Structure formats: structure tokens, C-alpha cells
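One structure follows; several queries about it will come next.
The values are calculated or read from the model by the stated rules, or taken from the named source; none is laboratory data. None of the values given here were measured: they were computed from a predicted structure. We place every Cβ from the backbone using ideal geometry, glycine too, and count neighbours over all the protein chains shown.
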Ligand SMILES: [Zn+2]
């Protein structure tokens, strides 16, 4: 899952700032060896697969349909649909959107009853002599679907026997799309033809695929792998082959609402091809048979970043990659989700991996799963050219400053933000600096930067975190899609294999301890210091100017201590900051600043002009239906975070962002298939 940079966008519509961190000290019950728990994703041999046909032809009407044929035996049968979705770190299975559920066998409708406790389970009784039950269901799809494109994460349409490990349930998927639409997925196609007439069990003739719709059948797999293999489809579809000299093969599949948005810039494609090459140098292994970056560009479909083993489901605004300026806001999106193929999918914290999608996932090691991915994704984006080294540093400064000025860290550890992940993901902005959010993302980024620069320092620049990644993520060499769980002692042992150090204490102090300030040691060891300037950095200015569906706003967090939307609505107030002391509150709307109607520029000017003077900043503020006058006693001027080079120290931060590979001559022009 991607930690969207919503918090950088300074708006009341911002997604909650997501943090990261982690865990530790609970010594893992056992050190799992690779061979002991490698979970090969292969269908159970000789099993008749479930057949599922997903109909995406009504995407524009917010409806998907499925026809499912399940091999059964006579007697009681419990079918189930996924609840805990890998990568979401919380129970987001869309059971409440699943509708029109009808079971039939031999032409007869079967009665069913939902389980009274587990609402994801359907109980029915299979009559004697029946070996196959047909299930019809629909899913109401309110995001990631438009009249021009559709995204299918299979949990929307899946039903399978309960109580069986999902890696042991065979399933053969098919996908129906409107005439002329293209499909992107890591699934292996075996046949394509005109869509067959659906067998619904109810009269849904008004919702049948239109004439000319096509159905593509894919090779049988397991329910575990199918859930991990999303599909994008659309009228404006392009598939670009990336870095063709690299094996296995990599593709960028894009769909968009408008044709011009699906025609990606050659520069962007070259950077993503570089990303493929750079992961080879960073991870020294690949754990997939083929990899598809699935990308939707649509202002309607919404943003997304969800990792899978052989693909990633990425969604962004239609103009997100149209030029370098817009690109900055999501420059690490593809690099982050791609990194998860190694860190999160192949290597997964033991308790984040469950044999089914019903057992709750436990997030204490998310500072590795997400936090190390946050670090590596940003580093890889810089090495690939998706962002410049300066932009890397500017965004790192924003992230580090945000963590360093987060009062909630006085009561909540990074580990607790990881353990609490499933209850922190959807919270609003109000007082989020006191609650903390999913801080294990950005805290993990600082921790792994600290580790990387420390390894460089301890080994006199002979080794780096790359050496650790080769060991930890490359263990077992190249594999197909595979899940190999781990526990904390393996991380410590692998770090010690790179360079001897008290890594257990290093991790415990940063993850489990209460630390009033952020871990800035990696920035210092990298040859820089975090400081505050009276103007935003170029990177911050670019982010603000590029806009996004999340709107624009004004971030005066490090001066008066508020984040405020373009209309003057305060999204958050810094606990114990100047605005807090003046009794401002999230949700209030600033009408006027020093007698002038509110604007972001006007607020910044007032802060600037109050510097060193006794007169407070005068605000007129609306709280629900009340209006009040508030004076803000702040006189230290504007403050924006930036990293400044410390001369005479090793510049590891610059070294870290340098590419490790060179594109072959003439290779940087990926062709559309
Ligand atoms: Zn992630």
C-alpha cells in the first residue's frame, strides 16, 4: 500500500498523514528457515478448479457481475468471501457491496443463510447427487470504475469453500469486457472469444454483456494467487514493454478515461524502465514469472497504490505523469509498489501472512513491510530519474520535519502505530499530530536511512543497505511468486552478516521506545542537516503548484502551527503550537486575516510582517454557527523545512541517490504493443 503524500498537500481534504514504524521487542517465536515455510502457490493437484467469470461490462454503471461454478459434495456447504485483504492491512473485504447472491444446482434455486457471527460466510445444503453449484453475484463498485475503464481486485467477486487454506483452492478465472477494450493483468491468458450468455439464476437480462463483448479465459491458479492478480481493462489501453534485456519480462499497462492520457511520455517510460534495471542491482533477485505495472489515469477512478507479487495496482490523476512537475507528487508510487514484490509479498512478516483471508493480520512488523519499502521506493525513484536528487532531499525534509514536530510521539511509539495500523488508516486530519497516524511508513524510512548510512560509516563506505537487501530479499535466488514469512531475529541476523553491530538495540530503541523527536541520524550521517528556511524549498513549491484532486492549501505548520485549506478551513492544529495556545481548532474556518478576507498568500504575508513586532496577527474565525475574534501571538516569521549540506562530512545522501545501472544504448524507447 502506498502512503499517499496527502499530508504534503496542505488541504482540508488531505488523507490522514500516514506514519510508520514498528515493532520489536517481541522476540519472534521461531526463526523460520526458508525451506520450512516457503509457500509455493500452485493449484492443488487433480482438483477440479472453481470456474469464475467476471463481467466488467457494466463498470460505468458501478456494477460488476460474476458467474461462479463450484465443485461440491452433497451435504452442508459453507462458502466465504475475503475479509482481510493483503496489503490493505485491515478488513476491507467488500462484503457489504456484494448483492444479487443466488445459488442454483440442477436448475433449482438453493436456500442459503448468512452466518450469524462471521458475516462473510454463506451456509447452504447441497442436495444428493449434485457435484456442482452455480453461484451468481453482483458487486456494487463505487471506485476505480468508469465508463471507459475498470479495475478488478478479485475479492469483489470471490466465493470459495471456508476452512480451506486459500493456497490449496484451485480456480480458473475468465474476464468479460466490452468490445474493443484491452486488458492488463499478470494472469496468463489461454483463450479469448465472444462472451457467453450468463446463467444468473435470476432474471438479470437487463444487465447482460452487450453484443460484441469478449471473454478472456486465464490459466488455472489458486484463490491465493487470484486475489493477488488484479485486472485493469479499458477502451484506451496501452501495454509498453520495459527494459527488454531484463528477464523475466516487465510491462507497463495503462488505461485512461481519455485517449491522450494513455499515451505516456517517452521520458516517463524510460524512467520506469530504469526502475526495472535498478531493482536488479538493489535486490539481486526477482520473485515473479512476469511483472505488470497496472496504471489507471483518471480523475474519476481515484487514487490507488496496492502491491501484488507479479503486478501492482496503481491509480493516479489523469495528468499525474503528463509532465515532470505533476509527476513529483506520485514520483515514488510505482517504485514503492514494485518494491513490495520483494518486501511484503516475497518476504512477509509472519503474522501479516495468514492461510486464509479471515484470520486477522498482525501489523507489528509494518515498519519493515511498509517502512523499508518507503525508504527503498524513494531511493529507487531518485536512482531511476523519476525524481531528481534535489527533489528527493526536499521531500525527505518535509517528511522528517513532519515527524520531528509530531507531539503524539510523546505517548505513542512507532511500534504502536504499526500494531494499530488497521484502526489508523481511515482517520481524519483533526488532531492527527496528537493521535499519530500510520507513522510506521515515514518513521521506517528514517530508520532504514539511518541503518544505510550507519553501515556505510561502519564499513568505511565498503558496504551499504544494498548488501542487506541482497541477503534478506534475495534469499533463495530467483523464484516464481512465493511467500516466505520472517520474524525480527532474521532481520537482526542478516544485518549482522553485513556488519557486526548491536542491531537488536538499534531497532528496539527506534521502534519500541518513546522518542520525543524523530530519528534524524541518517540525515546527519548522510552529510546534511534538517533546518527551516523562510521560503518553501523548490520541491515543496513544485508540489504545491502541481495541484491534485486533493486540492491545494497552505502549510504554516512550523510557524503558527496549522494546516489550512484554500477556503480557510483548518484541517489540523499543532498540539502546543502557537495556534493551539490561541485556541484555534480543526474544522474552524478563517474568514479574515488582519482585516482582509482570507487567502493563503495573505496569511503568509501576515506571518512574515509580524516577525519581530509586538502586534499579534488578528483573525476572524467561524466555528460552526459562531464567529469570534482570535489574536495569534507569533513573531518568528515563516518556517519551511529543508536539508542543508554540512561541508566536510561524507555526502552519503548524494551517493545513495546515484543510479547503479546504465541503460543499454538505444534501449530507452519502450514500444507500445
Ligand atoms: Zn506500501
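Quick grid of which residues meet (1) touching a helix residue (DSSP H, G or I) at 6+ places or on another chain (Cβ under 7 Å); (2) in contact (Cβ under 8 Å) with a residue 60 or more places away in the chain; (3) in the same structural domain as residue 407 (by TED's automatic domain parsing):
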{"residue": "572", "(1), (2), (3)": "yes, yes, no"}
{"residue": "594", "(1), (2), (3)": "yes, no, no"}
{"residue": "603", "(1), (2), (3)": "no, no, no"}
{"residue": "611", "(1), (2), (3)": "no, no, no"}
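Another one. Looking only at the range 51-99, count how many residues are within 16 Å of the ligand (Cβ to nearest atom), modelled with pLDDT of 95 or more and assigned to a strand (DSSP E or B).
The number of residues fulfilling the criteria is 1.
Same structure again: Are there strands (runs of 3 or more DSSP E) fully within the range 588-673 with at least 3 residues that are within 30 Å of the chain's Cα centre (by Cα)? List them.
640-645
Only one of these conditions is not met by residue 567: (1) in the same structural domain as residue 403 (by TED's automatic domain parsing); (2) more than 30 Å from residue 345 (Cα to Cα). Which number is it?
The one condition residue 567 does not meet is (1).
Here's another thing I want to ask about it. If you take the residues of the range 309-330 that are closer than 17 Å to residue 242 by Cβ and assigned to a loop (DSSP other than H, G, I, E, B), which of them is farthest from the chain's Cα centre (by Cα)?
Across the range 309-330, the extreme among qualifying residues is 321.
Additional query: If a residue has to be surrounded by fewer than 18 Cβ atoms within 10 Å (Cβ to Cβ) and in contact (Cβ under 8 Å) with a residue 60 or more places away in the chain to count, how many in the range 205-228 make the cut?
Total meeting the criteria: 2.
Next question. For residue 392, work out the one condition from (1) surrounded by fewer than 24 Cβ atoms within 10 Å (Cβ to Cβ); (2) closer than 23 Å to residue 340 by Cα; (3) in contact with a helix residue (DSSP H, G or I) (Cβ under 8 Å, 6 or more places away or on another chain) it doesn't fulfil.
Result: residue 392 passes all but (1).
Can you find, within the range 286-298, the residue that is farthest from the ligand (Cβ to nearest atom) among those that are buried (at least 24 other Cβ atoms within 10 Å of the Cβ) and in a strand (DSSP E or B)?
The selected residue is 297.
Would you be able to tell me the number of residues in the range 101-122 that are assigned to a strand (DSSP E or B) and either modelled with pLDDT under 95 or within 15 Å of residue 74 (Cβ to Cβ) (or both)? Walk me through it before giving the result.
Residues of the range 101-122 assigned to a strand (DSSP E or B): 101-105, 108-110, 112-114, 121-122.
Applying the additional criterion that residues be either modelled with pLDDT under 95 or within 15 Å of residue 74 (Cβ to Cβ) (or both) yields 103, 105, 108, 110.
Adding up the residues that qualify gives 4.
Only one residue in 391, 325 is more than 16 Å from the ligand (Cβ to nearest atom), modelled with pLDDT under 95 and under 23 Å from residue 643 (Cβ atoms). Which one? Break it down into steps so the answer makes sense when it comes.
Details: 391 fails: modelled with pLDDT under 95.
Step by step, each of 391, 325 is checked, and only 325 is more than 16 Å from the ligand (Cβ to nearest atom), modelled with pLDDT under 95 and under 23 Å from residue 643 (Cβ atoms).
Follow-up question, since we're still on this one. Taking residue 430 and the conditions (1) more than 24 Å from residue 570 (Cβ to Cβ); (2) touching a strand residue (DSSP E or B) at 6+ places or on another chain (Cβ under 7 Å); (3) surrounded by fewer than 24 Cβ atoms within 10 Å (Cβ to Cβ), which numbered condition does it fall short on, given that it satisfies the others?
(1)
As an exercise: evaluate residue 340 against (1) crowded, with 24+ Cβ neighbours inside 10 Å; (2) over 21 Å from residue 476 (Cα atoms); (3) within 11 Å of the ligand (Cβ to nearest atom) and give the number of the one condition it does not meet.
So the condition that residue 340 fails would be (2).
Here's another thing I want to ask about it. Residue 425 passes all but one of (1) buried (at least 24 other Cβ atoms within 10 Å of the Cβ); (2) closer than 24 Å to residue 516 by Cα; (3) within 16 Å of the ligand (Cβ to nearest atom); which number fails?
All conditions pass for residue 425, except number (1).
Got a sec? Which of 347, 351 is more than 25 Å from residue 559 (Cα to Cα), at pLDDT 95 or above and more than 16 Å from the ligand (Cβ to nearest atom)?
351
Considering 457, 475, 505, which residue is farther than 25 Å from residue 352 by Cα and assigned by TED's automatic domain parsing to the domain that holds residue 411?
Criteria check complete, one pass: 457.
Moving to a separate point now. Taking the range 462-489, which residues are within 17 Å of residue 371 (Cα to Cα) and out of contact with any helix residue (DSSP H, G or I) (no Cβ under 7 Å at 6 or more places or on another chain)?
Result: 488, single match.
Is it true that residue 397 is without any contact (Cβ under 8 Å) to a residue 60 or more places away in the chain and either outside the structural domain of residue 273 (by TED's automatic domain parsing) or away from the ligand (no atom under 16 Å from the Cβ) (or both)?
Against the criterion (without any contact (Cβ under 8 Å) to a residue 60 or more places away in the chain and either outside the structural domain of residue 273 (by TED's automatic domain parsing) or away from the ligand (no atom under 16 Å from the Cβ) (or both)), residue 397 does not qualify.
For the range 355-362, indicate whether the set of residues that are surrounded by 24 or more Cβ atoms within 10 Å (Cβ to Cβ), over 12 Å from residue 436 (Cβ atoms) and touching a residue at least 24 places away in the same chain (Cβ under 8 Å) is non-empty.
Within the range 355-362, the subset surrounded by 24 or more Cβ atoms within 10 Å (Cβ to Cβ) is none.
No, the range 355-362 contains no residue that is surrounded by 24 or more Cβ atoms within 10 Å (Cβ to Cβ), over 12 Å from residue 436 (Cβ atoms) and touching a residue at least 24 places away in the same chain (Cβ under 8 Å).
Going through the range 299-319 one residue at a time, which ones are within 17 Å of residue 546 (Cβ to Cβ) and away from the ligand (no atom under 16 Å from the Cβ)?
Once the filter is applied, which keeps residues that are within 17 Å of residue 546 (Cβ to Cβ) and away from the ligand (no atom under 16 Å from the Cβ), the range 299-319 yields 299, 317, 318, 319.
Residue-by-condition table, conditions (1) surrounded by fewer than 22 Cβ atoms within 10 Å (Cβ to Cβ); (2) touching a residue at least 12 places away in the same chain (Cβ under 8 Å); (3) closer than 17 Å to residue 662 by Cα:
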| site | (1), (2), (3) |
| --- | --- |
| 230 | no, yes, no |
| 241 | yes, yes, no |
| 255 | no, yes, no |
| 258 | yes, yes, no |
| 272 | no, yes, yes |
| 284 | yes, yes, yes |
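Also: It is to be established whether one or more residues within the range 128-150 are in a loop (DSSP other than H, G, I, E, B) and within 16 Å of the ligand (Cβ to nearest atom).
Checking the range 128-150: not a single residue is in a loop (DSSP other than H, G, I, E, B) and within 16 Å of the ligand (Cβ to nearest atom).
Now for a different question. Quickly run through the range 232-278 and pick out the residues that are more than 22 Å from residue 54 (Cβ to Cβ) and in a loop (DSSP other than H, G, I, E, B).
Hits for the range 232-278 are 243, 244, 245, 246, 247, 248, 258, 263, 264, 265.
Condition first: surrounded by fewer than 20 Cβ atoms within 10 Å (Cβ to Cβ) and under 24 Å from residue 81 (Cβ atoms). Can you find one or more residues in the range 262-269 that meet it?
Within the range 262-269 (the criterion being surrounded by fewer than 20 Cβ atoms within 10 Å (Cβ to Cβ) and under 24 Å from residue 81 (Cβ atoms)), the answer is no, since none of the residues qualifies.
Additional query: How about the range 364-385: which of its residues are out of contact with any strand residue (DSSP E or B) (no Cβ under 8 Å at 6 or more places or on another chain) and either within 16 Å of the ligand (Cβ to nearest atom) or closer than 27 Å to residue 119 by Cα (or both)?
Of everything in the range 364-385, those that are out of contact with any strand residue (DSSP E or B) (no Cβ under 8 Å at 6 or more places or on another chain) and either within 16 Å of the ligand (Cβ to nearest atom) or closer than 27 Å to residue 119 by Cα (or both) turn out to be 375, 377, 378, 379, 380, 381.
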